[in-house]
1. If you take the Cα Rg of the range 3-93 and divide it by 2.2 N^0.38 Å, with N the number of residues, what do you get?
2. What list do you get for 18, 53 if you sort them by fewest beta carbons within 10 Å?
Amino acid sequence: MGRADDSRTTDLLLALSHPLRREILRLLADEEPRSPSELATSLGQPLPSVSYHVRVLAGRGAVRLVRTEPARGSKRHFYLPTIEADWARSVLEGIDPPGDRRGRRNRTTA
């Protein structure tokens with residue numbers, strides 16, 4: 001793996017490190033662009049918190065801005081996920097990545 005791949009992996013790990021960011025990405029997985037306001041309503045979380053985490057995800061390359069719309073003297077931003085790594089998708093789907101042995105019991109007997 002090259003430096004660019006290492007950097008992308010590190011960015012994804014940081015993006016996925018917070019449970020609210022994982023929930024945001026799960027909501028965006030349906031490929032329907034959503035604004036932080038819509039995400040906050042769906043998640044039952046405060047808008048400032050969701051907006052912060054969306055900015056973190058955008059800064060780490062996990063989401064991308066796909067459009068803006070005027071809204072009361074400001075702009076609403078709409079995002080889609082950009083995650084392509086299979087291991088990261090597994091994390092979002094709640095599936096153990098291939099080769100991950102966490103949570104599995106050793107079935108050998110004494």
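Where a number appears in this text, it was derived from the coordinates with a stated rule and is not lab data. Small disclaimer: the values here were computed from a predicted structure and weren't measured. In this analysis, Cβ positions are derived from the backbone assuming ideal geometry, glycine residues included, and neighbour counts consider all displayed protein chains.
1. The value comes to 1.06.
2. Fewest-to-most Cβ neighbours within 10 Å comes out as 18, 53.
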